[in-house]
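What follows is a set of notes on a single structure, which appears directly below.
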Amino acid sequence: MIQARFGLKGLPFAKSIATRDLYQWPGLEELTARLEMAKSSRGVMLLTGDPGLGKTVAVRKFVESLNSEHYVCCYLPLATVTVLDAYGQLNRALGGTEVRSKSRMFEEIQRGVAQMTDRGKQPVIIFDEADLLKSAMFDELRILLNFEMDSRDPLLLILVGQPQLLAKLALRIHLPFRQRVAMRYRMPPMDEEQTCGYVNHHMMLVGRKQRLFTDEAMMQLFVQSGGVARVVGNLALTAMTEAALAGKDLVELEEVIVASKEVM
């Protein structure tokens, strides 16, 4: 309905957006630069931020940029598992032999990493939703990262999660792991100007060149969303639907207010 009403080629704010089409704003640009630095220095990187800011899609962009001849990416999205299950996920991702015991899995994982580095490939291991990792897992990761008597970092480990991850790691029991963190980045929300740019960018991606949201509607989108990309998209789509149902050619303040009552 909104496609026909507003002359769009598709639905905006799609989750399946190609990474080349991502809206480039300072928060994403800084994260991209930090990921590139982490790729060179290796070790552990923490990426945190509130839900909906675009952490995972930014990591997807980073993964797609990796040269498969030099990097092997292991993406592990299931964080609410036992240590043994996590070992199994990682071992399979690294192409290790299927074994049952924890000690054998540990050996397989370290062997797999060593073999990759011997072939000139660097493993990049990503734990998404890492704020849900059990406390015991941080000790296991610390031990896994001990290569050749702690003399080198053969891989890059990226932990992606909500701010609770920082609170969890701030506990004294996690001091040994925390000391291994080489880089941290907390992704911010967009400001008002960036939010407007984000909306206009997604409108252009689906073929809308003329403005669709009034200035008042755009400001309200920012106020209600707090600059969180996922919320901006949901509010904008709902407001567009309200405007289309009302037979309007522009999305006005009234539609955003109605949308905020439905979405928020």
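Below is a table of values for the structure above.
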{"item": "Of G10, M203, S103, farthest towards positive along the dipole that unit charges on Lys, Arg, Asp, Glu beta carbons give the chain", "result": "S103"}
{"item": "Using θ = phi - 60° and Karplus 6.51 cos²θ - 1.76 cosθ + 1.60, couplings along the range 236-250 (whole Hz; Gly, Pro as x)", "result": "4, 5, 5, 5, 5, 5, 4, 5, 5, 4, 7, x, 8, 9, 10"}
{"item": "Environment charge at K248 (Cβ cut-off 15 Å; Lys +1, Arg +1, Asp -1, Glu -1)", "result": "-3"}
{"item": "Other-chain or far-sequence residues with amide H under 5 Å of I158's (modelled H)", "result": "M45, I125, I126, F127"}
{"item": "Potential lengthening between L175 and R142 on full extension [0.36 nm per residue; Cα-Cα distance subtracted]", "result": "10.8 nm"}
{"item": "Residues of type aspartates and glutamates that K102 reaches as a straight line, Cα spacing below 16 Å, ignoring anything fewer than 8 places off in the same chain", "result": "D85, D139, E140"}
{"item": "Candidates G161, G227, G207: whichever shows maximal mean-square fluctuation once the chain is modelled as a Gaussian network with Cα springs under 10 Å", "result": "G207"}
{"item": "For the chain, the longest site-free run once GluC sites (Glu not before Pro) in DSSP loop states with at most 16 other Cβ atoms within 10 Å are removed", "result": "149-264"}
{"item": "Within the chain, helix-based [θ] at 222 nm, where runs of 4 or more DSSP H residues each add -39,500 (n - 2.57), nearest 500", "result": "-15500 deg cm²/dmol"}
{"item": "Hz values of 3J(HN,Hα) by residue in the range 11-20 - Karplus curve (6.51, -1.76, 1.60), Gly and Pro given as x", "result": "7, x, 6, 6, 5, 7, 3, 5, 5, 5"}
{"item": "Whole-Hz ³J(HN,Hα) from phi, Karplus 6.51 cos²θ - 1.76 cosθ + 1.60, for the range 218-233, glycine and proline x", "result": "5, 4, 5, 4, 5, 4, 6, 8, x, x, 7, 3, 5, 5, 4, x"}
{"item": "Nearest-ten-degree value, helix 192-205 long axis tilted from longest Cα axis of the chain", "result": "80 degrees"}
{"item": "Pairs beyond 24 Å (Cα-Cα), from K209/K248; K121/K168; K209/K261; K15/K61", "result": "K121/K168; K209/K261"}
{"item": "Whether the chain is rounded, prolate or oblate, judged on the alpha carbon gyration tensor where a/c under 1.5 counts as rounded", "result": "prolate"}
{"item": "Amide H contacts of Y71 (H built 1.01 Å from N, under 5 Å, at least 5 apart or other chain)", "result": "Q122"}
{"item": "Lys, Arg +1 and Asp, Glu -1 on Cβ, resulting dipole of the chain about Cα centre, debye, nearest 20", "result": "760 debye"}
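A short reminder: the numbers here are calculations on the coordinates, not readings from a lab. This is a predicted model, so every value here is computed, not measured. Glycine also receives a Cβ, built like all others from the backbone with ideal geometry; neighbour counts cover every protein chain displayed.
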